[in-house]
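Working notes, structure below.
The values are calculated or read from the model by the stated rules, or taken from the named source; none is laboratory data. Predicted model, so just to flag it, every value in this text is computed and none were measured. Here the Cβ is made from the backbone with ideal geometry for all residues, glycine too, and neighbour counts use every protein chain on show. Ligands, DNA and RNA are excluded from the accessible area calculation, which covers all protein heavy atoms including side chains. Shrake-Rupley method; radii C 1.70, N 1.55, O 1.52, S 1.80 Å.
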Amino acid sequence: MSDKSVHHHARTNGRTSRQSSATGSETDVDDHATDSGVNGHDRERIEREDEDEEGSGEEEIDEDEDEDDDEEPALKYERLGGIAPKLLIKDSASAMACANQRLAIGTHSGMLHILELSGQLIKSFQVHSAAVMDISMDETAEWVATASIDGQVVVHSVSTPESQTFNMKRSLRTVALEPGFAKSSTRAFVCGGMAGSLVLHEKGWLRYNETTLHSGEGPVWQTRWRNHLIAWANDLGVKIYDTVSQSRITFIDRPPNSPRADLFKCTLHWQDDATLLIAWADQIKVARVRARPRPVTVAPASAGAPPFIVEITAVFQLDCMAAGIVPHPLISPTLAPSSATASDATHAAPALTAFLLLAYTPPDVSLLAGEEAAVDRAAQARKAAERPELRIVSRGGDELAADALGIADFERWGCNDYVLVEVDNAVSSAPSPASMGAFGHRERYYIVSSPKDIVVVRPRDWRDHVEWLTERARYEEALAEIERQAAAGVTAGPGEDAVDAVRIGERYIESLISQGDFIKAASLCPKVCGQDTKRWEAWIFLFAKRSQLQAIIPYVPTDSPTLGHLVYEVILAYYLAQDRQALLQTIRSWPKDIYDISTIILAIQAELDRAPSSSSMQTTAPETVVLMECLAELYTMNRQPGKALPYFLRLRRPNVFELIRENNLFTAVQDQALLLVEFDHELIERRRTLGVDVDPQQSAAITLLVDHIHSIPIGRVVQQLQSRTYYLYLYLDALFRRDSQLTSDFADMQVKLYAEYAPTRLLDFLRASNHYSLEEAYNICSDGDMVPEMVFLLGRMGNNKKALTLIIERLGDVNRAIDFAKEQHDDDLWEDLLKYSETRPAFIRGLLENVGAEIDPIRLIRRIKNGLEIPGLKGALIKILHDFNLQASLLEGCQTILNGDAAELARQLHRNQTCGFFLSAQTLCPMCNRPLYQHTHGHALLFLCRHAIHVSCVTSDEALAQQLDHSLVGMGIGGHHGIGGKIAFTAMVKARINNNCPVCRRKAEGGR
């Protein structure tokens, strides 16, 4: 059953319930006074007009409902499914209770049905002969107690046949099992009814014991038991009994002139162990039980006082009758504070800050005043009742929301025919996923019953909020809510269309397109389409059909997902017709494999062929330039660099060199060397005009030609550049810097080029190269009056005197003359220099200051003529004396060091040759790393450098034995008999071994 069949309309007209008494007043058993703060309730009602006038008021009602539709409801409704509708076809519900995922329904025929919350039947009992008036279930839902107007209380076990019946003789109205009934040994319950007594039944040894807790104040209409507190209502008011102290702790009176208690029932609901909600007729009271404060001194009057007191924390006067009341947590998206988030609700249980009230509006106001008697028959006829309402009322008395319920046959039912119960799934030990709320905690919801209908009421969650926004075309808010929930980690399960972001997003895009807002619609496509290529293509073609392709192009994905080739080709074709600069940028930025490059090349080539300046090398039209750039990029991406190269050259683009290098097009440009160099220098000049300091030596074209001399022969390049000698100079200079042998065939040409374009570097070239003609080079330098180069060339040709004459006469540089004379190592040259200096004081002083080992200063001083004035002579002489003094000191120091080292080495040699050192059988030979004495007849050699070595490591023992003169052994010479023999033998061994210590020799040679 859809929600619309249950929820008639939402009414949020700002009506408030007035809080009519001060909070915090205390009551106890002796307090029988009425609440002075409770005044007459407001009975303002909207009277229905006669049937003739209803037609004229329909338009106003429709307008009100349209306004109400703009306010989001707080609750959602559905009829209980399963077997429940069938049970009420021939019977009608009279009572209902819920506990531990089970629902108990009592009927007017005396039946009791136990159902699952889904409506599936668990068990049915025929428990009474008349209507069931009240049902109580224990916490486990294993035991169910029913009270009927037949005067009996029946306690059933759901899973076993156990059942007990208690006949109270008078019609009953209410029953309540003690908490923990299934585990309790007393199996206690209380019941009451028209007899006016509240009776406590407790199980004894042999039978149940009855205790009357209260009587004499009219029928007991309802009782509820929570923990150790029992609350009940009679005609005078509500009382609370403490089972621990076995005393009545309070009396909450009923206001005078209240509506009839038999027509407008009292509802008692324990919100928690200490809070009781009382809804009776048109008034709500909230009672809070707390421990009585301990006085400092115990007065005799308070010695027997109950241990608890009750505070009335709130009193609300209603404009309707209360058919039921339960606490309601504010978790609905329309009622929750704006600052609360789904994440907050996930970690903390919502506070019970409001009431859910089942409101009933009496059709006849005479019932409120007790004026049932009427004169005419029309007034005596029963009037049709209005729809019941579910209202959410805050603790401050404000009405937050109100919904009129579409209960079946609601015109026939009175206030006492409705029952409101809450279902708290937190009781369940293993809740199903369906019972989980929108914010991650177990869901709390409610059930409303009437004689012929049972409605499940649930707080609306964020899914319902999204659906409500979608129905009103508020798609942006709906998507924002979905994103907010996703950020908090809350997602909807599969199949829930209400939270299908894609579906909502598509409807939003359709709405924006219909409004003409294509840019905003396009911005939503990435979120809506995601990875769905078909959905992407459908929207792109729709935009293209509406001639709004430019709006969606910035959002078209090129990767993850990649769409079909046709989509990207359509976009490029659009750019070709509308924005060619954007076409070029798109070609450069898009991956090359997402569209057919050949197709785009053909389209652009056709467009370029139609351009008037496409065949000219001077492409002045900007659009033509862009088209050629596009073709160059496409050919490069299509691995056709040879076809791209002409366009790059025509466009004078600097990346032509990278193109040649990357695609190995060197053989293609070996005859275009001059064009490449000219193009490169155009780029250099262009950068210079922009203020960029560019070194011509860093020419990209020259570098390319030099780096690939195998593909671009040197001779071919030189031949092409001979008409532009500056370019030829740059090329040969770069080759020479790379390898001087590369330009050996063009050395004479280089001399001329250096003399013209880089005279300062000519001398370096002359020094570094040996492949040029000295005579031709001298003539070139002579023509250019390059004296240093001429001096160098004369020196290489052996004409030192002429070179020295050039230095003296043309340069007048004494230091250079001295350096030149030092380089030539020619005494005649020094003599010529001295002769030339005899009459030139400056040269004499220079020679004195810079003279070295090559010339004796005395020789120079003797050549000075008497009376010749030499500026700075004194300083020069002092410098000579100082230098010689320093030299003498250095020589003396070196001699001292040498003498000291020689003496130390002599002492060390003497010590090594005269002192002994320890050897043992385990001493290793440094040549073979084996012990010296391996066998008895082996020989070992001991050198003065203190190295002991096997004879076999120097020469073989056999060869040494053969070299000895055995004829001398018998005479005691050369054998081992006596000291003399050993000395003679040692002398002969020393004479036989020509080499010194092999260990020392190996170290001297660099070994280890």
### Task
Would you mind computing, in nm to one decimal, how far apart the modelled labels at residue 184 and residue 565 are, each placed 7 Å from Cα along Cα→Cβ?
8.3 nm
### Hits among lysines - C-alpha to C-alpha of residue 183 under 30 Å, sequence gap 8 or more where chains match
123, 169, 203, 239
### Query
Distance in nm between label sites at residue 757 and residue 770, each 7 Å beyond Cα in the beta-carbon direction?
2.7 nm
### Query
Going from most exposed to least, what order do 288, 535, 588 have by accessible area with a 1.4 Å probe?
588, 288, 535
### Query
If you roll a 1.4 Å probe over region 503-634 with all protein chains in place, what percent of the accessible area is carbon or sulfur?
51 percent
### Task
Please arrange 86, 643, 520 by accessible surface area, largest first, computed with a 1.4 Å probe and ligands excluded.
86, 643, 520
### Message
At 0.36 nm per residue, and after removing the present C-alpha to C-alpha distance, how many nm does the segment from residue 206 to residue 253 gain when stretched out fully?
### Response
13.0 nm
### Task
Return the distance in nm (one decimal) between the two label points of a simple spin-label model at residue 1004 and residue 510, each offset 7 Å from Cα along Cα→Cβ.
10.6 nm
### Message
To make sure I understand the rule: partners must be lysines, Cα under 27 Å from the Cα of residue 802, and not fewer than 8 residues away in the same chain. Which ones qualify?
### Response
752, 822, 835, 865
### Query
Hey, which lysines would be in cross-link range of residue 545, C-alpha to C-alpha under 30 Å, not counting anything within fewer than 8 residues on its own chain?
520, 527, 534, 592
### Query
What FRET efficiency do you get for residue 725 and residue 692 if R0 is 35 Å and r is their Cβ-Cβ distance, rounded to the nearest 0.05?
0.85
### Task
Could you calculate the contour length gain from residue 527 to residue 484, that is, 0.36 nm times the residue separation minus the distance between their Cα atoms, to one decimal place in nm?
14.1 nm
#### Entry: Binned Cα-Cα distances of region 620-760, short to long, each 10 Å bin given as a whole percent
11, 37, 33, 15, 4, 0
### Alpha-carbon spread of region 621-672, three principal axes, descending order, Å
32, 22, 14
### Query
On the accessible surface of region 81-142, probed at 1.4 Å, how many percent belong to carbon and sulfur atoms?
52 percent
### Query
Per residue, how much accessible area does region 153-257 have with a 1.4 Å probe, in Å²?
44 Å²
### Mean Cα-pair separation over length for region 511-608, i.e. relative contact order, pairs under 8 Å, 6 or more apart, %
24 percent
### Message
Given a 1.4 angstrom probe, what's the average accessible area per residue across region 654-812, in square angstrom?
### Response
50 Å²
### Probe 1.4 Å, all protein chains present, accessible-area order of 534, 802, largest first
534, 802
### Message
I need the calculated FRET efficiency for the pair residue 598 and residue 661, taking r as the beta carbon distance and R₀ as 30 Å, to the nearest 0.05.
### Response
0.75
